[in-house]
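Remarks on the structure that follows.
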Amino acid sequence: MSASQAPVAADLAATDDIGWAVRLLAATPTHEHRDPELLRRWARAADAFGSALAPVACEARIVERDGGLELGLLARYTSRPPTVELYTDTIDLAERVVDARGWRDWYPPGSVRAAALAHEAVHVHLHHGPAKAALKRALGHSALRLGRLRVAGHVAGAEEVAAHAYARTVCGLGRSPLLLTAALAAETETGSRTASESTPPPARDARREN
């Protein structure tokens with residue numbers, strides 16, 4: 001790690017995993033004016049839910065391809081047909097960022113790909129099974145209350161937080177992949193990109209298309 005990179009790395013790493021989860025929720029549409037403490041409570045609940053999930057096998061077809069840097073993606077799950085796309089160019093860039101920032105103890109060699117696949121496996125799991133309802137219950141957000149009747153509400157972005165927490169846990173990472181995606185997004189802002197200057201940085205780690 002160079003002297004010029006050290007302050008940037010320290011600034012990003014100083015925010016803990018829950019802090020990055022709160023930032024993710026705060027940047028998600030519909031949460032612009034939410035109470036920060038409510039966002040933190042949801043972030044903790046989603047993180048705990050993802051961390052506690054039993055290992056999930058990816059039941060979707062897995063495809064590896066380039067083009068992730070242009071799309072701003074590490075990986076993507078599409079449901080028709082169920083497919084997980086892993087973008088090798090972004091994964092390679094992420095591995096270089098890990099080395100440049102001195103984070104190899106947190107993200108061992110090969111762990112970026114493993115974490116991206118684990119992350120998407122959870123999205124497949126939540127899309128097709130009862131776990132999505134369980135996540136809603138864990139968050140404790142009510143969309144409707146009529147007397148004793150309570151309908152659990154959807155919290156935008158919570159599934160992403162849970163998927164990151166799951167990937168961190170099953171891959172044995174020292175920090176959440178959220179920190180790494182923040183570092184990828186910071187490449188342009190800090191002027192310390194490891195990719196070509198004509199290549200836009202990843203804006204997010206995953207996108208679902210139904």
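Tell me which residues, restricted to the range 28-86, are within 16 Å of Ala165 (Cα to Cα) and basic (Lys, Arg). Within the range 28-86, Arg40, Arg41, Arg44 meet the criteria.
May I ask you to say which residue of Thr169, Thr188 is modelled with pLDDT of 95 or more and either of a type in the set (Asp, Glu) or open to solvent by 40 Å² or more (accessible area, probe 1.4 Å) (or both)?
Values: Thr188 fails: modelled with pLDDT of 95 or more.
Only one candidate passes the filter, namely Thr169.
The values are calculated or read from the model by the stated rules, or taken from the named source; none is laboratory data. Keep in mind it's a predicted model, so treat the numbers as computed, not measured. All accessible areas refer to the heavy atoms of the entire protein, side chains included, with ligands and DNA or RNA removed. Shrake-Rupley method; radii C 1.70, N 1.55, O 1.52, S 1.80 Å.
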